[in-house]
Amino acid sequence: MVENILLRHSKVDSIGESEALKQTLYAVRAQCISRGLGQGYWDWAGLLEPQERESFRQLYFQRAFHARSSEAPVIVDKMPLNCLALGLAQHLLPDARFVFMSRHPLDTGLSNIMADFARGNAFTRRMDWLGEMTRLVYDSAWDYQDKLGDQFRAQSYCALVSDPQPQIARLLEHSGLEWEESCLSPEKSSKAVVTASLVQVRKKINTAALDKWKSFSAQLEPLKVSLGGDEWIAEWENWDHTLHGG
């Protein structure tokens, strides 16, 4: 949905769910291991030589755009698990802005369980795996929120669909874009969107997907336990609530 919101802006284009950052990460990690710089994102982030950093930056662009090009000043890369590699993204693209979408973990879990992924995302096949991955994603997001400062925006899904205009205005401001009324109607986007939630993103912004998990609470109990139970859910709810005014 956020991709479609941004794509309604006249200065935005998208590379969709690209594996460019993951592929670049593999190349960076292989070179850093060969130089004995370690494997962790923060172990080697400041140790690449300028020419190495530029080489990997160009590799990212090559993998992202292939043979196509774009004149848009703002490009969206929306691969979901890029959220685990924002340290590399910031290192290669120091002017980038990051948006992390925060949706109730049980609603997100239900959507993942119901989706029929063509490939990958094996962690969605078991609720305990899905819960562990969800916790990993939020641990990463909370870490990057501290490290990336103003470059990072955590966006509450609940706040966005409940009160779209001010939230979209802040999203555009964060992305360095001026206000355009068309962004309030993401369902009217004529640009191609490739995602497992295609039907949902082609609808008007609405609150229908909020708290859908409650109708399947008993079935989702293993996921809830894997997340950390009521205590972890309450921690997430408190954090997400702090995002509503920002």
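Out of (1) closer than 30 Å to Ala234 by Cα; (2) touching a residue at least 24 places away in the same chain (Cβ under 8 Å), what's the single condition that is false for Asp77?
In the conditions (1) closer than 30 Å to Ala234 by Cα; (2) touching a residue at least 24 places away in the same chain (Cβ under 8 Å), Asp77 misses (1) alone.
Of the residues that make up segment 103-110, is at least one part of a loop (DSSP other than H, G, I, E, B), over 14 Å from the mean Cα position of the chain (by Cα), within 25 Å of Asp230 (Cα to Cα) and in contact (Cβ under 8 Å) with a residue 60 or more places away in the chain?
Narrowing segment 103-110 to residues part of a loop (DSSP other than H, G, I, E, B): 103-104.
Okay, now just the ones that are also over 14 Å from the mean Cα position of the chain (by Cα), so 104.
Add one more test, that the residue is within 25 Å of Asp230 (Cα to Cα), and what stays is 104.
Those left that are additionally in contact (Cβ under 8 Å) with a residue 60 or more places away in the chain: 104.
Yes, segment 103-110 has at least one match.
Tell me which of these Leu148 doesn't satisfy, since it passes every other one: (1) in a loop (DSSP other than H, G, I, E, B); (2) of a type in the set (A, V, I, L, M, F, W, C); (3) closer than 17 Å to Trp239 by Cβ.
(1)
Take segment 19-34 and flag every residue that is buried (at least 20 other Cβ atoms within 10 Å of the Cβ) and under 15 Å from Leu81 (Cβ atoms).
Leu21, Thr24, Leu25
Among the residues of segment 101-127 satisfying the criterion of being of a type in the set (A, V, I, L, M, F, W, C) and in contact with a Phe, Trp or Tyr (Cβ under 7 Å, 6 or more places away or on another chain), which is nearest to Ile5 (Cα to Cα)? Break it down stepwise before answering.
Initial filter on segment 101-127 (of a type in the set (A, V, I, L, M, F, W, C)): 101, 106, 110, 113-115, 117-118, 122-123, 127.
With the extra rule that they be in contact with a Phe, Trp or Tyr (Cβ under 7 Å, 6 or more places away or on another chain), the set shrinks to 101, 106, 110, 123.
Values: Met101: 13, Leu106: 24, Leu110: 23, Phe123: 28 Å.
Applying the filter and picking the extreme gives Met101.
Please enumerate the residues belonging to segment 39-56 that are modelled with pLDDT of 90 or more and of a type in the set (Ser, Thr, Tyr).
Hit for segment 39-56 is Ser55, nothing else.
For segment 57-79, how many residues meet the condition of being within 22 Å of the chain's Cα centre (by Cα), farther than 25 Å from Leu171 by Cβ, modelled with pLDDT under 95 and hydrophobic (A, V, I, L, M, F, W, C)?
Number of matching residues: 0.
Give me the pairs, please: first residue somewhere in segment 222-246 and at positive phi, second residue anywhere and modelled with pLDDT of 95 or more, beta-carbon distance under 7 Å, and either six or more positions apart or on two chains.
Note: pairs meeting the criteria are Gly228/Arg135.
Restricting segment 1-38 to residues that are among the charged types (D, E, K, R) and either touching a strand residue (DSSP E or B) at 6+ places or on another chain (Cβ under 7 Å) or in a loop (DSSP other than H, G, I, E, B) (or both), which is nearest to Pro186 (Cα to Cα)?
Initially, segment 1-38 is screened for residues among the charged types (D, E, K, R), giving 3, 8, 11, 13, 17, 19, 22, 29, 35.
Add one more test, that the residue is either touching a strand residue (DSSP E or B) at 6+ places or on another chain (Cβ under 7 Å) or in a loop (DSSP other than H, G, I, E, B) (or both), and what stays is 3, 8, 11, 13, 17, 19, 35.
Details: Glu3: 8, Arg8: 6, Lys11: 15, Asp13: 14, Glu17: 18, Glu19: 24, Arg35: 46 Å.
Ranking the candidates gives Arg8 first.
Quick check: is even one residue across segment 41-56 touching a Ser or Thr at 6+ places or on another chain (Cβ under 8 Å), in contact (Cβ under 8 Å) with a residue 40 or more places away in the chain, part of a helix (DSSP H, G or I) and closer than 26 Å to Arg135 by Cα?
Initial filter on segment 41-56 (touching a Ser or Thr at 6+ places or on another chain (Cβ under 8 Å)): 56.
Narrowing further to those that are in contact (Cβ under 8 Å) with a residue 40 or more places away in the chain: none.
No, because not a single residue in segment 41-56 is touching a Ser or Thr at 6+ places or on another chain (Cβ under 8 Å), in contact (Cβ under 8 Å) with a residue 40 or more places away in the chain, part of a helix (DSSP H, G or I) and closer than 26 Å to Arg135 by Cα.
Just to verify a result, which residue in segment 177-191, among those that are in a loop (DSSP other than H, G, I, E, B) and free of Cβ contacts under 8 Å to residues at least 60 places away in the same chain, is nearest to Asp13 (Cα to Cα)? Don't jump to the end; show me each part of the working.
First, the residues of segment 177-191 that are in a loop (DSSP other than H, G, I, E, B): 177-180, 185, 189-191.
Then keep just the ones that are free of Cβ contacts under 8 Å to residues at least 60 places away in the same chain; that gives 178-179, 190.
On the way: Glu178: 15, Trp179: 16, Ser190: 12 Å.
Checked segment 177-191; the qualifying residue nearest to Asp13 (Cα to Cα) is Ser190.
Out of the residues in segment 96-129 that are acidic (Asp, Glu) and surrounded by fewer than 18 Cβ atoms within 10 Å (Cβ to Cβ), state the one that is modelled with the lowest pLDDT. Outline the logic, then answer.
Kept after step one, since they are acidic (Asp, Glu), are these residues of segment 96-129: 107, 116, 128.
Right, trim to surrounded by fewer than 18 Cβ atoms within 10 Å (Cβ to Cβ) and you get 116, 128.
Numbers: Asp116: 78, Asp128: 96.
Per the stated criteria, the residue is Asp116.
If Phe65 passes every condition in (1) in contact (Cβ under 8 Å) with a residue 60 or more places away in the chain; (2) surrounded by fewer than 18 Cβ atoms within 10 Å (Cβ to Cβ); (3) within 30 Å of Leu47 (Cα to Cα) but one, which one does it miss?
(1)
How many residues does segment 57-79 hold that are farther than 15 Å from Tyr26 by Cβ, in a helix (DSSP H, G or I) and touching a strand residue (DSSP E or B) at 6+ places or on another chain (Cβ under 9 Å)?
1
The values are calculated or read from the model by the stated rules, or taken from the named source; none is laboratory data. Bear in mind that the values here come from a model prediction, so they are computed numbers and not experimental data. Positions of Cβ are generated from backbone atoms using ideal geometry, with glycine treated the same way; all protein chains shown enter the neighbour counts.
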